[in-house]
1. Restricting attention to strands (runs of 3 or more DSSP E) lying wholly within segment 19-89, give those where 1 or more residues are aromatic (Phe, Trp, Tyr).
2. Could you list, in sequence order, all residues of segment 90-103 that are in a loop (DSSP other than H, G, I, E, B), hydrophobic (A, V, I, L, M, F, W, C) and more than 23 Å from LYS34 (Cβ to Cβ)?
3. Scanning for something of a type in the set (Val, Ile, Thr), surrounded by 14 or more Cβ atoms within 10 Å (Cβ to Cβ) and either free of Cβ contacts under 8 Å to residues at least 12 places away in the same chain or over 17 Å from LYS7 (Cα atoms) (or both), does segment 83-100 turn up at least one residue?
4. Of everything in segment 28-41, what is in contact (Cβ under 8 Å) with a residue 24 or more places away in the chain and either surrounded by fewer than 13 Cβ atoms within 10 Å (Cβ to Cβ) or within 16 Å of GLY16 (Cβ to Cβ) (or both)? Give them in sequence order.
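Just so it is clear, none of the values below were taken in a lab; they were calculated from the coordinates. Treat the numbers as computed from the prediction; the structure is a model and nothing was measured. All Cβ positions, even for glycine, are placed from backbone atoms using ideal geometry, and neighbour counts span all protein chains on display.
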Amino acid sequence: MAAKLRKGDKVIVLAGKDKGKTGNITSVMPSANKAVVEGINISIRATRQSQESQGGRIPKAMPIDLSNLALVDANGKATRVGFKMEGDKKVRFAKTTGDVIDA
């Protein structure tokens, strides 16, 4: 199945403690149906000091479920993603505007 949300996409959070915030996807885990979005779902993780790092309480972006994310279209609104054939290539498009996301 083709991925509706990919690394680098600008998304908005639909549900949860960060509802309404936007950010870019840094990584996607299709098997777990989750994605990591920069600045969203931040958790404080305690890290032990080592020769490379200082250690202490470090903020880290945790994975968020893909069902709680929506792609942001050209107008800055949340949109669903559809697929269509353009020539012999399958492309993603925004359902609200009909614009092609990746050419």
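1. Working: elements: 22-29, 34-37, 42-47, 56-61, 69-72, 81-86.
Correct list: 81-86.
2. Keep residues of segment 90-103 that are in a loop (DSSP other than H, G, I, E, B), which gives 95-99, 101-103.
Then drop every residue that is not hydrophobic (A, V, I, L, M, F, W, C), which leaves 101, 103.
Passing the criteria: only ALA103.
3. Filtering segment 83-100 for residues of a type in the set (Val, Ile, Thr) gives 91, 96-97, 100.
Next, only the ones that are surrounded by 14 or more Cβ atoms within 10 Å (Cβ to Cβ) stay: 91, 96.
Narrowing the set further to residues that are either free of Cβ contacts under 8 Å to residues at least 12 places away in the same chain or over 17 Å from LYS7 (Cα atoms) (or both) leaves 96.
Checked against the condition, which is being of a type in the set (Val, Ile, Thr), surrounded by 14 or more Cβ atoms within 10 Å (Cβ to Cβ) and either free of Cβ contacts under 8 Å to residues at least 12 places away in the same chain or over 17 Å from LYS7 (Cα atoms) (or both), segment 83-100 yields at least one hit.
4. Across segment 28-41, the qualifying residues are MET29, PRO30, ALA32, ASN33, LYS34, ALA35, VAL36, VAL37, ILE40, ASN41.
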